[in-house]
């Protein structure tokens, strides 16, 4: 976290946001062009690390502005206003721009974003933050010791990661069938997650 005055911290946040917004690192590989979608401040005590914007989010420029966002807000218990309050919630996907369509859905997040921008954002955030690793891409990057484990195994073992980190499945429509087969997710993980979220708010 930045140990500066609030004014200095805000200046760093503003400068970093400007740098990210003007990034063209992957422009040649983005069918829809670059439009980084990210949300953060120096006081965000909840950090959501997701996958990458879809086409709807690319169009609006608002993170999780789609049905998967509705589901994620339901999981966390966050209201719409709280979710989009950067002073409380940071949203830092693995890829900041819409990667385009693939044969069976969106392409994977561009690999350049995380090493280019994540550390700079993480250094700004409070040390006592709650981190949500949403989906297999975020988990593969930040839980490298879990190589070989399935997403279900990682999420089911959520208690092992401590009270400050929760691995979650991606909240797309595909997760509905998965949740039916994993009753522990709603019965055990979601109450613990919502309690952790309330504690940060």
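General remarks:
- Subset of the stretch 84-96 (residues that are crowded, with 22+ Cβ neighbours inside 10 Å and either out of contact with any strand residue (DSSP E or B) (no Cβ under 8 Å at 6 or more places or on another chain) or over 19 Å from residue 16 (Cβ atoms) (or both)): 95, 96
- Of the residues making up the stretch 160-181, those that are farther than 15 Å from residue 76 by Cβ and in contact (Cβ under 8 Å) with a residue 24 or more places away in the chain are 172, 173, 178.
- Test: residue 184 is touching a residue at least 24 places away in the same chain (Cβ under 8 Å), under 23 Å from residue 52 (Cβ atoms) and surrounded by fewer than 16 Cβ atoms within 10 Å (Cβ to Cβ): no
- If you go through the stretch 21-56 and pick out every residue that is assigned to a helix (DSSP H, G or I) and over 25 Å from residue 197 (Cβ atoms), you end up with 5.
- Single residue of 61, 50, 54 found to be touching a residue at least 24 places away in the same chain (Cβ under 8 Å) and on the phi > 0 side of the Ramachandran plot: 61
Values in this text are rule-based calculations from the coordinates and carry no lab data. What you see is a predicted model, and the numbers here were worked out from it, not measured in a lab. Cβ coordinates were reconstructed from backbone atoms using ideal geometry, including for glycine residues, and neighbour counts include every protein chain displayed.
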